[in-house]
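Engineer: Right, I'll just put the structure down here and ask away after.
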Amino acid sequence: MKKLFAFVLSTAMLFSLLTGCGGGGASSSQPAPSSSAPQSEASGGSEAAPASSAPEESTPEAAPAGGTIGVCIYKFDDAFMTTYRNALQKILEDKGYTVTVVDGNNDQAKQNEQINTFITQGVDALIINPVMTSAAATIIDTVKTADIPTVLINREPTADEMAAYDKLVYVGCDAAQSGTFQGELILETANKGDINGDGKVSYIMIQGDPENIDAKLRTEYSVKALTDAGMEVEQLNLTRGDWDREKGQTICANDLAQFGDQIEVVFCNNDDMAVGALQSIQSAGRKVNEDIYLVGVDALDAALNEVKAGNMTGTVLNDANGQAAKAVECMEGLLAGDTYAAGSQSVYVDYVKVTPANVADFMG
Ligand code: GAL
(Lines give C-alpha, C1' and ligand atoms only; values in the text may rest on other atoms or scores of the structure.)
Protein backbone atom coordinates (compact mmCIF):
# COMPACT_ATOMS: atom_id res chain seq x y z
CA MET A 1 0.00 0.00 0.00
CA LYS A 2 2.78 2.35 0.99
CA LYS A 3 4.58 1.45 -2.23
CA LEU A 4 1.47 2.14 -4.25
CA PHE A 5 1.04 5.52 -2.56
CA ALA A 6 4.67 6.40 -3.20
CA PHE A 7 4.26 5.43 -6.85
CA VAL A 8 1.08 7.49 -7.25
CA LEU A 9 2.73 10.40 -5.50
CA SER A 10 5.91 10.34 -7.53
CA THR A 11 3.92 9.95 -10.74
CA ALA A 12 1.86 12.97 -9.75
CA MET A 13 5.04 14.87 -8.98
CA LEU A 14 6.59 13.95 -12.29
CA PHE A 15 3.47 15.08 -14.11
CA SER A 16 3.51 18.28 -12.14
CA LEU A 17 7.16 18.85 -13.02
CA LEU A 18 6.55 18.22 -16.70
CA THR A 19 3.52 20.46 -17.00
CA GLY A 20 4.31 22.98 -14.28
CA CYS A 21 1.07 23.81 -12.67
CA GLY A 22 0.72 26.19 -15.58
CA GLY A 23 0.95 23.72 -18.41
CA GLY A 24 -1.66 21.04 -17.90
CA GLY A 25 -5.40 21.55 -18.29
CA ALA A 26 -7.27 23.38 -20.97
CA SER A 27 -5.85 26.80 -20.30
CA SER A 28 -2.38 28.00 -20.99
CA SER A 29 -0.07 29.88 -18.68
CA GLN A 30 1.90 32.87 -19.77
CA PRO A 31 5.02 34.74 -18.87
CA ALA A 32 4.55 36.94 -15.86
CA PRO A 33 4.18 40.64 -16.65
CA SER A 34 7.35 42.54 -15.96
CA SER A 35 5.48 44.93 -13.67
CA SER A 36 4.51 42.32 -11.12
CA ALA A 37 6.77 39.32 -11.40
CA PRO A 38 10.45 39.54 -12.15
CA GLN A 39 11.99 36.89 -14.33
CA SER A 40 13.91 34.19 -12.61
CA GLU A 41 16.71 31.92 -13.64
CA ALA A 42 14.71 28.95 -12.51
CA SER A 43 11.87 29.69 -14.91
CA GLY A 44 14.05 31.01 -17.69
CA GLY A 45 11.70 33.96 -17.60
CA SER A 46 8.82 32.09 -19.14
CA GLU A 47 6.71 29.29 -17.74
CA ALA A 48 5.82 29.68 -14.10
CA ALA A 49 6.87 26.18 -13.18
CA PRO A 50 7.55 24.87 -9.71
CA ALA A 51 11.23 25.37 -8.98
CA SER A 52 11.95 22.15 -7.25
CA SER A 53 9.74 19.27 -6.42
CA ALA A 54 12.10 16.35 -6.44
CA PRO A 55 10.76 13.73 -4.07
CA GLU A 56 12.83 13.36 -0.93
CA GLU A 57 13.28 10.08 0.94
CA SER A 58 10.29 10.82 3.09
CA THR A 59 6.86 11.23 1.53
CA PRO A 60 4.49 14.02 2.59
CA GLU A 61 2.00 12.83 5.17
CA ALA A 62 -1.19 14.18 3.64
CA ALA A 63 -2.56 12.44 0.60
CA PRO A 64 -4.11 15.13 -1.63
CA ALA A 65 -7.57 13.76 -2.41
CA GLY A 66 -9.76 13.56 0.66
CA GLY A 67 -8.00 16.40 2.48
CA THR A 68 -9.68 19.44 3.96
CA ILE A 69 -9.45 22.73 2.11
CA GLY A 70 -10.32 26.21 3.30
CA VAL A 71 -11.39 28.71 0.64
CA CYS A 72 -11.59 32.42 1.45
CA ILE A 73 -13.46 34.67 -1.01
CA TYR A 74 -13.17 38.46 -0.69
CA LYS A 75 -16.95 38.79 -0.85
CA PHE A 76 -19.73 36.55 -2.08
CA ASP A 77 -21.68 39.50 -3.45
CA ASP A 78 -19.53 39.81 -6.61
CA ALA A 79 -20.89 38.45 -9.87
CA PHE A 80 -17.62 37.14 -11.31
CA MET A 81 -16.31 35.72 -8.03
CA THR A 82 -19.64 33.90 -7.58
CA THR A 83 -19.06 31.99 -10.83
CA TYR A 84 -15.46 31.40 -9.82
CA ARG A 85 -16.16 30.13 -6.31
CA ASN A 86 -18.92 27.81 -7.51
CA ALA A 87 -16.52 26.32 -10.07
CA LEU A 88 -13.82 25.95 -7.44
CA GLN A 89 -16.10 24.28 -4.94
CA LYS A 90 -17.41 21.84 -7.55
CA ILE A 91 -13.96 20.82 -8.77
CA LEU A 92 -12.70 20.30 -5.22
CA GLU A 93 -15.77 18.35 -4.10
CA ASP A 94 -15.76 16.20 -7.23
CA LYS A 95 -12.18 15.28 -6.36
CA GLY A 96 -13.23 14.18 -2.89
CA TYR A 97 -11.96 17.09 -0.80
CA THR A 98 -13.85 18.43 2.17
CA VAL A 99 -14.30 22.10 1.35
CA THR A 100 -15.37 25.09 3.38
CA VAL A 101 -15.87 28.33 1.47
CA VAL A 102 -16.21 31.52 3.53
CA ASP A 103 -17.38 35.05 2.72
CA GLY A 104 -14.96 37.80 3.71
CA ASN A 105 -17.73 40.43 3.27
CA ASN A 106 -15.13 42.76 1.76
CA ASP A 107 -13.59 43.10 5.23
CA GLN A 108 -9.89 42.25 5.54
CA ALA A 109 -10.00 41.98 9.35
CA LYS A 110 -12.79 39.43 9.02
CA GLN A 111 -10.86 37.48 6.40
CA ASN A 112 -7.75 37.44 8.61
CA GLU A 113 -9.85 35.81 11.34
CA GLN A 114 -11.21 33.27 8.86
CA ILE A 115 -7.68 32.35 7.80
CA ASN A 116 -6.65 31.92 11.42
CA THR A 117 -9.69 29.76 12.09
CA PHE A 118 -8.87 27.52 9.14
CA ILE A 119 -5.31 27.18 10.43
CA THR A 120 -6.53 26.29 13.93
CA GLN A 121 -8.83 23.69 12.39
CA GLY A 122 -5.82 22.14 10.66
CA VAL A 123 -6.82 22.41 6.99
CA ASP A 124 -4.43 20.78 4.54
CA ALA A 125 -4.35 23.73 2.15
CA LEU A 126 -5.80 27.18 1.67
CA ILE A 127 -7.10 28.97 -1.41
CA ILE A 128 -7.38 32.69 -0.73
CA ASN A 129 -8.90 35.56 -2.72
CA PRO A 130 -7.57 38.46 -0.61
CA VAL A 131 -9.88 41.32 0.30
CA MET A 132 -7.08 43.86 0.04
CA THR A 133 -4.10 43.31 -2.20
CA SER A 134 -2.18 45.42 0.30
CA ALA A 135 -2.82 42.76 2.96
CA ALA A 136 -0.99 40.09 0.98
CA ALA A 137 2.26 40.36 2.94
CA THR A 138 0.43 39.76 6.23
CA ILE A 139 -1.54 36.85 4.78
CA ILE A 140 1.62 35.28 3.39
CA ASP A 141 3.37 35.68 6.72
CA THR A 142 0.45 33.96 8.48
CA VAL A 143 0.29 30.94 6.18
CA LYS A 144 4.06 30.61 6.16
CA THR A 145 4.23 30.55 9.96
CA ALA A 146 1.53 27.87 9.96
CA ASP A 147 3.28 26.02 7.11
CA ILE A 148 0.07 25.68 5.08
CA PRO A 149 0.39 25.27 1.29
CA THR A 150 -1.51 28.22 -0.18
CA VAL A 151 -2.88 29.29 -3.54
CA LEU A 152 -3.75 32.97 -3.85
CA ILE A 153 -6.33 33.84 -6.50
CA ASN A 154 -7.81 36.83 -8.35
CA ARG A 155 -5.89 39.63 -6.57
CA GLU A 156 -2.23 39.43 -7.39
CA PRO A 157 0.40 40.43 -4.83
CA THR A 158 3.88 41.54 -5.88
CA ALA A 159 6.52 38.94 -6.69
CA ASP A 160 8.59 40.23 -3.75
CA GLU A 161 5.75 39.58 -1.32
CA MET A 162 5.23 36.07 -2.64
CA ALA A 163 8.96 35.32 -2.51
CA ALA A 164 8.68 35.14 1.28
CA TYR A 165 7.08 31.68 1.09
CA ASP A 166 7.95 28.91 -1.36
CA LYS A 167 4.78 26.87 -0.74
CA LEU A 168 2.73 29.67 -2.21
CA VAL A 169 1.55 30.35 -5.75
CA TYR A 170 -0.73 32.92 -7.36
CA VAL A 171 -3.21 31.77 -10.02
CA GLY A 172 -4.90 34.45 -12.08
CA CYS A 173 -4.69 36.31 -15.35
CA ASP A 174 -2.45 38.99 -16.77
CA ALA A 175 -4.65 42.02 -16.13
CA ALA A 176 -2.82 44.11 -18.74
CA GLN A 177 -3.91 41.62 -21.41
CA SER A 178 -7.61 42.18 -20.67
CA GLY A 179 -7.14 45.95 -20.97
CA THR A 180 -5.33 45.56 -24.27
CA PHE A 181 -8.12 43.34 -25.57
CA GLN A 182 -10.72 45.95 -24.62
CA GLY A 183 -8.81 48.58 -26.58
CA GLU A 184 -8.54 46.20 -29.53
CA LEU A 185 -12.30 45.64 -29.48
CA ILE A 186 -12.71 49.39 -30.04
CA LEU A 187 -9.98 49.47 -32.71
CA GLU A 188 -11.80 46.70 -34.57
CA THR A 189 -14.93 48.84 -35.04
CA ALA A 190 -15.52 50.61 -38.38
CA ASN A 191 -14.32 54.00 -37.13
CA LYS A 192 -11.87 52.78 -34.44
CA GLY A 193 -14.00 54.44 -31.78
CA ASP A 194 -14.04 57.87 -33.39
CA ILE A 195 -17.74 57.89 -34.13
CA ASN A 196 -18.10 61.63 -34.74
CA GLY A 197 -14.96 61.81 -36.87
CA ASP A 198 -13.33 64.63 -34.92
CA GLY A 199 -9.97 62.86 -34.86
CA LYS A 200 -10.12 61.63 -31.26
CA VAL A 201 -11.80 58.92 -29.24
CA SER A 202 -13.71 60.50 -26.35
CA TYR A 203 -14.42 58.03 -23.60
CA ILE A 204 -15.53 57.56 -20.04
CA MET A 205 -13.86 54.97 -17.82
CA ILE A 206 -15.89 53.15 -15.18
CA GLN A 207 -13.29 51.63 -12.92
CA GLY A 208 -13.38 48.68 -10.52
CA ASP A 209 -11.90 48.95 -7.03
CA PRO A 210 -8.66 50.85 -7.79
CA GLU A 211 -6.80 49.04 -4.99
CA ASN A 212 -6.98 46.00 -7.25
CA ILE A 213 -4.38 45.53 -9.97
CA ASP A 214 -7.09 44.37 -12.42
CA ALA A 215 -8.72 47.80 -12.18
CA LYS A 216 -5.44 49.67 -12.52
CA LEU A 217 -4.11 47.74 -15.49
CA ARG A 218 -7.39 47.44 -17.39
CA THR A 219 -7.80 51.21 -17.09
CA GLU A 220 -4.29 51.82 -18.33
CA TYR A 221 -3.98 49.22 -21.07
CA SER A 222 -7.40 49.69 -22.70
CA VAL A 223 -6.45 53.27 -23.51
CA LYS A 224 -2.84 52.37 -24.29
CA ALA A 225 -4.02 50.01 -27.04
CA LEU A 226 -5.70 52.99 -28.70
CA THR A 227 -2.76 55.37 -28.37
CA ASP A 228 -0.30 52.64 -29.45
CA ALA A 229 -2.39 52.33 -32.61
CA GLY A 230 -1.97 56.06 -33.21
CA MET A 231 -5.40 57.18 -32.02
CA GLU A 232 -5.83 60.40 -30.11
CA VAL A 233 -7.89 59.98 -26.98
CA GLU A 234 -9.82 62.22 -24.64
CA GLN A 235 -10.87 61.04 -21.19
CA LEU A 236 -14.10 62.79 -20.28
CA ASN A 237 -14.38 61.14 -16.89
CA LEU A 238 -12.99 58.31 -14.77
CA THR A 239 -15.12 57.10 -11.87
CA ARG A 240 -14.75 54.30 -9.40
CA GLY A 241 -17.60 51.79 -9.65
CA ASP A 242 -16.18 49.01 -7.43
CA TRP A 243 -17.13 46.23 -9.88
CA ASP A 244 -20.79 46.87 -9.02
CA ARG A 245 -23.72 46.87 -11.49
CA GLU A 246 -25.78 49.57 -9.78
CA LYS A 247 -22.80 51.86 -9.48
CA GLY A 248 -22.03 51.30 -13.16
CA GLN A 249 -25.57 52.33 -14.02
CA THR A 250 -25.51 55.48 -11.87
CA ILE A 251 -22.07 56.58 -13.04
CA CYS A 252 -22.99 56.12 -16.69
CA ALA A 253 -26.29 57.96 -16.23
CA ASN A 254 -24.47 60.92 -14.63
CA ASP A 255 -21.82 60.98 -17.34
CA LEU A 256 -24.41 60.81 -20.11
CA ALA A 257 -26.26 63.70 -18.51
CA GLN A 258 -23.05 65.72 -18.28
CA PHE A 259 -21.29 64.85 -21.54
CA GLY A 260 -24.12 63.60 -23.79
CA ASP A 261 -23.10 62.92 -27.38
CA GLN A 262 -19.46 63.65 -26.65
CA ILE A 263 -19.17 60.14 -25.22
CA GLU A 264 -18.11 57.75 -27.95
CA VAL A 265 -16.79 54.88 -25.83
CA VAL A 266 -17.76 53.52 -22.40
CA PHE A 267 -14.93 51.44 -20.99
CA CYS A 268 -15.99 49.34 -17.99
CA ASN A 269 -13.39 47.40 -16.03
CA ASN A 270 -15.89 44.53 -15.74
CA ASP A 271 -19.15 43.24 -17.19
CA ASP A 272 -21.35 43.80 -14.19
CA MET A 273 -20.69 47.55 -14.40
CA ALA A 274 -21.11 47.38 -18.20
CA VAL A 275 -24.51 45.73 -17.89
CA GLY A 276 -25.48 48.52 -15.48
CA ALA A 277 -24.09 51.14 -17.86
CA LEU A 278 -26.10 49.64 -20.72
CA GLN A 279 -29.34 50.33 -18.86
CA SER A 280 -28.40 54.03 -18.68
CA ILE A 281 -27.27 54.07 -22.31
CA GLN A 282 -30.62 52.66 -23.38
CA SER A 283 -32.58 55.03 -21.09
CA ALA A 284 -30.74 57.93 -22.70
CA GLY A 285 -31.91 56.76 -26.12
CA ARG A 286 -28.41 55.89 -27.31
CA LYS A 287 -27.71 52.81 -29.43
CA VAL A 288 -24.61 50.71 -28.84
CA ASN A 289 -22.49 50.10 -31.94
CA GLU A 290 -24.27 52.95 -33.74
CA ASP A 291 -23.68 56.07 -31.69
CA ILE A 292 -21.69 54.71 -28.72
CA TYR A 293 -19.45 51.73 -27.96
CA LEU A 294 -19.49 49.68 -24.74
CA VAL A 295 -16.99 47.08 -23.55
CA GLY A 296 -16.54 45.05 -20.36
CA VAL A 297 -14.49 42.14 -19.03
CA ASP A 298 -15.51 38.73 -17.57
CA ALA A 299 -17.95 37.27 -20.12
CA LEU A 300 -20.73 36.95 -17.56
CA ASP A 301 -23.83 35.30 -19.02
CA ALA A 302 -25.70 38.62 -18.91
CA ALA A 303 -22.96 40.31 -20.92
CA LEU A 304 -22.73 37.48 -23.45
CA ASN A 305 -26.45 37.88 -24.11
CA GLU A 306 -25.95 41.60 -24.71
CA VAL A 307 -22.98 41.03 -27.01
CA LYS A 308 -25.08 38.58 -28.99
CA ALA A 309 -27.96 41.05 -29.18
CA GLY A 310 -25.61 43.83 -30.34
CA ASN A 311 -26.06 45.82 -27.12
CA MET A 312 -22.42 45.52 -26.08
CA THR A 313 -19.53 45.97 -28.48
CA GLY A 314 -17.69 43.13 -26.84
CA THR A 315 -16.27 41.68 -23.67
CA VAL A 316 -13.23 39.68 -22.60
CA LEU A 317 -13.48 36.19 -21.17
CA ASN A 318 -12.10 36.07 -17.64
CA ASP A 319 -11.94 32.31 -17.49
CA ALA A 320 -13.41 31.42 -14.09
CA ASN A 321 -13.50 27.68 -14.83
CA GLY A 322 -9.97 27.65 -16.22
CA GLN A 323 -8.62 29.58 -13.24
CA ALA A 324 -10.48 27.36 -10.77
CA ALA A 325 -9.06 24.24 -12.43
CA LYS A 326 -5.56 25.70 -12.43
CA ALA A 327 -5.84 26.75 -8.79
CA VAL A 328 -6.76 23.21 -7.80
CA GLU A 329 -3.99 21.76 -9.96
CA CYS A 330 -1.44 24.04 -8.29
CA MET A 331 -2.84 23.24 -4.85
CA GLU A 332 -2.42 19.54 -5.52
CA GLY A 333 1.12 20.18 -6.67
CA LEU A 334 1.86 21.97 -3.42
CA LEU A 335 0.31 19.13 -1.44
CA ALA A 336 2.54 16.72 -3.32
CA GLY A 337 5.61 18.73 -2.35
CA ASP A 338 6.09 21.36 -5.07
CA THR A 339 7.87 24.51 -4.06
CA TYR A 340 8.19 27.74 -6.04
CA ALA A 341 11.25 29.87 -6.64
CA ALA A 342 11.05 33.62 -6.17
CA GLY A 343 9.92 35.28 -9.38
CA SER A 344 8.09 32.17 -10.65
CA GLN A 345 5.06 32.27 -8.42
CA SER A 346 2.44 33.65 -10.80
CA VAL A 347 0.55 31.27 -13.05
CA TYR A 348 -1.67 32.87 -15.68
CA VAL A 349 -4.70 31.70 -17.61
CA ASP A 350 -5.33 33.54 -20.88
CA TYR A 351 -8.08 36.07 -21.42
CA VAL A 352 -10.04 35.75 -24.68
CA LYS A 353 -11.69 38.51 -26.71
CA VAL A 354 -15.42 38.02 -27.19
CA THR A 355 -17.28 39.67 -30.09
CA PRO A 356 -20.58 38.94 -31.87
CA ALA A 357 -18.53 36.77 -34.25
CA ASN A 358 -17.44 34.26 -31.61
CA VAL A 359 -19.86 34.87 -28.73
CA ALA A 360 -21.74 31.63 -29.42
CA ASP A 361 -18.59 29.69 -28.45
CA PHE A 362 -18.89 31.01 -24.90
CA MET A 363 -22.63 30.61 -24.38
CA GLY A 364 -24.53 27.78 -22.78
C1 GAL B 1 -11.89 40.82 -11.52
C2 GAL B 1 -13.25 40.70 -12.20
C3 GAL B 1 -14.23 41.59 -11.50
C4 GAL B 1 -14.24 41.34 -10.01
C5 GAL B 1 -12.82 41.42 -9.46
C6 GAL B 1 -12.78 41.10 -7.99
O7 GAL B 1 -10.98 39.94 -12.12
O8 GAL B 1 -13.13 41.07 -13.54
O9 GAL B 1 -15.53 41.40 -12.03
O10 GAL B 1 -14.77 40.08 -9.77
O11 GAL B 1 -11.99 40.52 -10.16
O12 GAL B 1 -11.48 41.17 -7.50
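The values are calculated or read from the model by the stated rules, or taken from the named source; none is laboratory data. Quick caveat: nothing in here was measured; it's all calculated off a predicted structure. Cβ placement follows ideal geometry from the backbone for every residue including glycine, while neighbour counts extend to all protein chains displayed.
Engineer: Pick out the one residue from ALA327, ALA309 that is within 24 Å of GLN177 (Cβ to Cβ) and aliphatic (A, V, I, L, M).
Structural biologist: Working: ALA309 fails: within 24 Å of GLN177 (Cβ to Cβ).
That would be ALA327, the only listed residue that is within 24 Å of GLN177 (Cβ to Cβ) and aliphatic (A, V, I, L, M).
Engineer: Separate question: So ASN191 passes all but one of these: (1) on the phi < 0 side of the Ramachandran plot; (2) surrounded by 22 or more Cβ atoms within 10 Å (Cβ to Cβ); (3) away from the ligand (no atom under 16 Å from the Cβ). Which condition number does it fail?
Structural biologist: Status for ASN191: all satisfied but (2).
Engineer: I need the full set of residues from the range 260-318 which are within 13 Å of PHE362 (Cβ to Cβ) and more than 16 Å from the ligand (Cβ to nearest atom), in order please.
Structural biologist: ASN305, LYS308
Engineer: Filter the range 160-179 down to residues that are buried (at least 21 other Cβ atoms within 10 Å of the Cβ) and over 13 Å from the mean Cα position of the chain (by Cα), then give me how many there are.
Structural biologist: Within the range 160-179, residues that are buried (at least 21 other Cβ atoms within 10 Å of the Cβ) and over 13 Å from the mean Cα position of the chain (by Cα) number 5.
Engineer: Still on this model: What pairs come out if I take residues in the range 143-165 that are among the aromatic types (Phe, Trp, Tyr) and pair them with residues that are surrounded by fewer than 20 Cβ atoms within 10 Å (Cβ to Cβ) whose C-beta lies under 7 Å away, six or more apart or interchain?
Structural biologist: TYR165/LYS144
Engineer: Turning to a different aspect of this structure: Can you find a residue in the range 103-110 that is of a type in the set (A, V, I, L, M, F, W, C), over 18 Å from ASN321 (Cα atoms) and at pLDDT 95 or above?
Structural biologist: yes
Engineer: Can you tell me which residues in the range 301-324 are buried (at least 24 other Cβ atoms within 10 Å of the Cβ) and not in a strand (DSSP E or B)?
Structural biologist: Matches in the range 301-324: ALA303, VAL307, MET312, THR313, ASN318, ALA324.
Engineer: Looking at the range 84-101 only, could you name the residues that are within 16 Å of the ligand (Cβ to nearest atom) and in contact with a strand residue (DSSP E or B) (Cβ under 8 Å, 6 or more places away or on another chain)?
Structural biologist: TYR84, ARG85, LEU88, VAL101
Engineer: Additional query: When you scan the range 195-207, how many residues do you find that are surrounded by 23 or more Cβ atoms within 10 Å (Cβ to Cβ) and either away from the ligand (no atom under 16 Å from the Cβ) or more than 21 Å from GLN258 (Cβ to Cβ) (or both)?
Structural biologist: Final tally of qualifying residues: 3.
Engineer: Which of the strands (runs of 3 or more DSSP E) contained wholly in the range 188-281 include at least 3 residues that are over 17 Å from SER178 (Cα atoms), aliphatic (A, V, I, L, M) and touching a residue at least 40 places away in the same chain (Cβ under 8 Å)?
Structural biologist: Qualifying strands (runs of 3 or more DSSP E): none found.
Engineer: So which residues in the range 330-343 are in a helix (DSSP H, G or I) and over 16 Å from the mean Cα position of the chain (by Cα), if there are any at all?
Structural biologist: MET331, GLU332, GLY333, LEU334, LEU335 - these are the residues of the range 330-343 that are in a helix (DSSP H, G or I) and over 16 Å from the mean Cα position of the chain (by Cα).
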